[in-house]
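Accompanying notes for the structure given below.
The values are calculated or read from the model by the stated rules, or taken from the named source; none is laboratory data. None of these values were measured; they are calculated from a predicted model. FYI the Cβ positions are ideal-geometry reconstructions off the backbone, even for glycines, and counts take in every protein chain you see. Calculation scope for accessible area: heavy atoms of the full protein, side chains included, ligands and nucleic acids excluded. Shrake-Rupley method; radii C 1.70, N 1.55, O 1.52, S 1.80 Å.
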Amino acid sequence: VKDGFDTFMDKEIHDQPKAVADTLLGRHDDDGDLVLDELRVDESVLRTVDKIIVVACGTAAYAGHVAKYAVEHWCRIPVEVELAHEFRYRDPVVNVRTLVVAISQSGETMDTIMAIRHAREQGAKVLAIVNTHGSTIARESDAVLYTHAGPEVAVASTKAFLAQITACYLVGLYLSQLRGYKYVDEVAGYLDELGKLPAKIQDILDREGEIKAVAEAMKDTSSVLFLGRHVGYPVALEGALKLKELAYIHAEGFAAGELKHGPIALIEPGQPVFVVVPTPRRPTLHNKVVSNIQEIRARGARTFVIAEEGDEAVTEYADVVFRVPQTPTLMMPLVTVVPLQIFACALAGAKGLDVDQPRNLAKSVTVE
Ligand code: BG6
């Protein structure tokens, strides 16, 4: 079952090229148009949606956070991302023109189930992005787009996360297609770029030894910070969550721009900080994050930089650089999160911990 890997987590990290490829498979016709027949929701409803609220927990909520950047950019529909357990208690503004998108690997997370029940009572349509066929969330939603990650056994999510992000892109592009492509070119070009992602993820996996060596040397670390901007921000949050879940190390993710508003006070000599750097092809974004690396480096941080191949601007300020293949900005999370997963898994392994069954956690939390 573990395909020769020591742990399910290791196997599932290596399943990611396939999880992304399978989630894309069979979802467009010969003309390159997206076909999401399985959605079973009236297209007229999707054309008139004026707000999207993503509800999810944990890693799935970070997939929603990535979706916000892509869907707002491609569709100009406002997207909110809300932790499912906060949603119904704050009297959210939800009506028949709201599309609630529930993201869940298991489809059984009670917090998310309660959120979609509340949304439907208010007249909203619920679209579920779920990995488990026939699960409660799939059954109780108006529409379902399945992620094809295959069964995920390790408690902490990896391949389901990449499949969720991929499915979110499909939803965003589909909405854009249905609504007449007012803000983007036709989907074919985006699908073509998405189709290149499995090979790019594989390229990172082929170089995992570099990351594992760094992780193994850090097994006595007690605190790690993660910084990212734009779509790198949810990646930073996920990097921190993985390290907490797997290695029981205090870890925090921050929006890089927030650094000067508080977190920079945490930087002392030797503090490890991971920085997720946007592509240099978006100089305004890129320059700001490079400045952040300089600022923390000047205060003694040990910088672990996730940057694109060919991004030489970061080299001078990085103690360690992990390279990821060049990827369109909005799709970068599918590559930049992978080194962070490998890092957390290897560090936990070096500490002798059970990465598949971390203490106190359950794969699916079926109580509120
Ligand atoms: C947590 C799991 O309990 O639930 C996380 O440990 C997961 O890995 C989260 O991201 C949400 O679960 P699901 O099944 O709704 O995606």
Identify, from the list H148, H118, the residue that is open to solvent by 20 Å² or more (accessible area, probe 1.4 Å), at pLDDT 95 or above and within 18 Å of A67 (Cβ to Cβ). H148
Under 8 Å between Cβ atoms, at least 6 apart or on separate chains: pull out the pairs that start in segment 299-322 with a residue that is in contact (Cβ under 8 Å) with a residue 40 or more places away in the chain and end on any residue that is open to solvent by 10 Å² or more (accessible area, probe 1.4 Å) and assigned to a helix (DSSP H, G or I). F304/V214; V320/V214; F322/E210
Pairs needed: first member in segment 172-185, more than 20 Å from D37 (Cβ to Cβ); second member anywhere, polar (S, T, N, Q) and open to solvent by less than 20 Å² (accessible area, probe 1.4 Å); C-beta distance under 6 Å; at least 6 residues apart or different chains. V184/S176
Provide a single number: the residues in segment 211-242 that are within 24 Å of P328 (Cα to Cα) and either assigned to a helix (DSSP H, G or I) or open to solvent by 50 Å² or more (accessible area, probe 1.4 Å) (or both). 11
Would you confirm whether any residue within segment 135-143 is part of a loop (DSSP other than H, G, I, E, B), open to solvent by 40 Å² or more (accessible area, probe 1.4 Å), within 13 Å of the ligand (Cβ to nearest atom) and touching a residue at least 12 places away in the same chain (Cβ under 8 Å)? no
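What number of residues in segment 51-80 are of a type in the set (F, W, Y) and within 16 Å of A128 (Cβ to Cβ)? Give the derivation first.
From segment 51-80, those of a type in the set (F, W, Y) are 62, 69, 74; that's our starting set.
Now narrow it down to the ones that are within 16 Å of A128 (Cβ to Cβ): none.
Within segment 51-80, residues that are of a type in the set (F, W, Y) and within 16 Å of A128 (Cβ to Cβ) number 0.
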Restricting attention to segment 42-62, does a residue exist that is aromatic (F, W, Y) and surrounded by fewer than 19 Cβ atoms within 10 Å (Cβ to Cβ)? no
Go through segment 253-368 and tell me which strands (runs of 3 or more DSSP E), entirely inside it, have 2 or more residues that are more than 16 Å from the ligand (Cβ to nearest atom) and open to solvent by 10 Å² or more (accessible area, probe 1.4 Å). 320-324
Cβ-Cβ distance below 7 Å, separation of 6 or more or different chains: which pairs start in segment 242-266 with a residue that is closer than 20 Å to A61 by Cβ and end on one that is of a type in the set (S, T, Y)? A255/Y233
Touching a Ser or Thr at 6+ places or on another chain (Cβ under 8 Å) and buried (at least 24 other Cβ atoms within 10 Å of the Cβ): is that true of A128 in this structure? yes
Of the residues in segment 74-115, those that are crowded, with 16+ Cβ neighbours inside 10 Å, under 24 Å from T166 (Cα atoms) and more than 16 Å from the ligand (Cβ to nearest atom) come to W74, C75, I77, V79, E80, T98, L99
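Taking the condition out of contact with any Pro (no Cβ under 9 Å at 6 or more places or on another chain), farther than 20 Å from A199 by Cα and of a type in the set (D, E), does E316 pass? Even if it seems obvious, please write down each step before you answer.
Working: out of contact with any Pro (no Cβ under 9 Å at 6 or more places or on another chain): yes; farther than 20 Å from A199 by Cα: yes; of a type in the set (D, E): yes.
Yes, satisfied.
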